[in-house]
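Shown next, in structure tokens, is the structure this report addresses.
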Amino acid sequence: VRQRDALFAAARDVAATLWAFDADRTMTLHVGAPLEDLGVGQGWNVGNKMDEVYAELPVVTDAVDRALAGEPSSWSVVVEGRTFESVVRPVRDDSGAVTGGVGISIYVTDRDHAQARAEAAAAEVELIQGAIPDAVVVADTDRRVQRVNPAFAKLFGYTAAEVIGQPTKLLYADPAAFDEAGRTRYRPSGPARMDPFEGEYRRADGTTFMGETVGAPVRDSAGRTVGYVGVIRDVTERRAAEDRLYHQAHHDELTGLANRTLFTSRLDAAIAVAAGGRGLVDQRSAATNFAVLYVDLDRFKAVNDTFGHSAGDALLREVADRLRGAVRPTDTVARLGGDEFAVLLEGLTDADAAGALAQQVAAALVPTVEVGGRNLSVGASIGVVWGRPDHDSSDAVLGEA
């Protein structure tokens, strides 16, 4: 009896309700923590008939009938807004005769609410992912794809079934380098970096594109990394537009040569290296030597005045081609404006090498230029400046040239 009483006492603290009835359908046991939530005490309705207690819940009285007939049963019921899941089993004596039944009812409202919230959150995430025009990739801690959105298939050309379970490096044009970059940015511990970065991706058909990626590790409530998520946007067209804008801002529209902005930027860098200001290279190395050629065309105004600006433009384009052909591919040829050009020569062995290149430029401009069926003669005045450590600005060097 003491053991039984101790067992029943312990049952009062269980988050479920334990109840029993005898062969006369009389409740003999009713204990459990949920009873307090319902506003009743332990042993509620013990001694009363089950048919009276649950007159308004025929599912319970039906379970009593089945238990007394030797059949187990289970059901779900809502009592005062609380959901319970119940199971009932018959109780037999040593001879096998049914002497009553025992049931347990588990309070599952919180679980159901949590599941409903989880389902709502999952539906919300799916809706958001479906509406996002960019590709979304969710990966596990081993960086294997777990989920993708519809935009992913449009961007990469893979179906979800083709990539789920595959390593994310499958998507990279250079898997080794790009995967290593991802490991550096998205470490399991430490703060997440949400700033976007660009890399080259590969589609299912083998073609590549530049993608801008924003991603971060996914962490649980304890702060443990449980996966990774990345949003990938195709920026190929944007990059091409940026490149066009950069080219337009740094190149002469007529000739395609570098303009004054780009030329002075590169010249300032060469001056800094020669002066040892950044310590990029050993000053004694030929890599620090530079020279500037300043080229001013002769009689160009007469061409414009006599034959028109279209002839002058054609002449400038031809001069630009000849200048490019007269120097090395690594040299910077620029049109500074009008009929004035400049050449930045870097990595020279000595000043004589600069003089030799200047002679090549002059010689390239000697042959006549055919414009509109006319052979026009154009010469040039060329100034040469050998870079010195005391040069402190591009304006100073160009002024000397």
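Results, tabulated for the structure shown:
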item	result
Among (1) assigned to a loop (DSSP other than H, G, I, E, B); (2) farther than 22 Å from Thr264 by Cα; (3) of a type in the set (A, V, I, L, M, F, W, C), the one test that Ala311 misses	(1)
Restricting segment 8-34 to residues that are open to solvent by 70 Å² or more (accessible area, probe 1.4 Å) and modelled with pLDDT under 85, the residue that is nearest to Arg82 (Cα to Cα)	Ala15
Selected residue [out of contact with any Cys (no Cβ under 7 Å at 6 or more places or on another chain) and at pLDDT 90 or above] from Asp62, Asp37, Asp5	Asp62
Residue identified as over 15 Å from Val292 (Cβ atoms), open to solvent by less than 40 Å² (accessible area, probe 1.4 Å) and not aromatic (Phe, Trp, Tyr) among Gly347, Gly355, Gly337	Gly337
Candidates Ala302, Ala354 - the one that is part of a helix (DSSP H, G or I), farther than 20 Å from Leu262 by Cα and out of contact with any Leu (no Cβ under 8 Å at 6 or more places or on another chain)	Ala302
Test result for Val231, in contact (Cβ under 8 Å) with a residue 24 or more places away in the chain, open to solvent by 40 Å² or more (accessible area, probe 1.4 Å), touching a strand residue (DSSP E or B) at 6+ places or on another chain (Cβ under 7 Å) and closer than 30 Å to Thr208 by Cα	yes
Evaluation of Asp395 against (1) modelled with pLDDT under 90; (2) within 17 Å of Phe290 (Cβ to Cβ); (3) open to solvent by 50 Å² or more (accessible area, probe 1.4 Å) (one fails), failing number	(1)
Looking only at segment 46-84, and only at residues there that are acidic (Asp, Glu) and under 13 Å from Met27 (Cβ atoms), the one that is least open to solvent (accessible area, probe 1.4 Å)	Asp51
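The values are calculated or read from the model by the stated rules, or taken from the named source; none is laboratory data. Everything numeric in this text was worked out from a predicted model, so none of it was measured. Methodologically, a virtual Cβ is constructed for each residue, glycine included, from the backbone with ideal geometry; neighbour enumeration extends over all protein chains shown. Accessible surface is based on the protein model in full, side chains and every heavy atom, while ligands, DNA and RNA are left aside. Shrake-Rupley method; radii C 1.70, N 1.55, O 1.52, S 1.80 Å.
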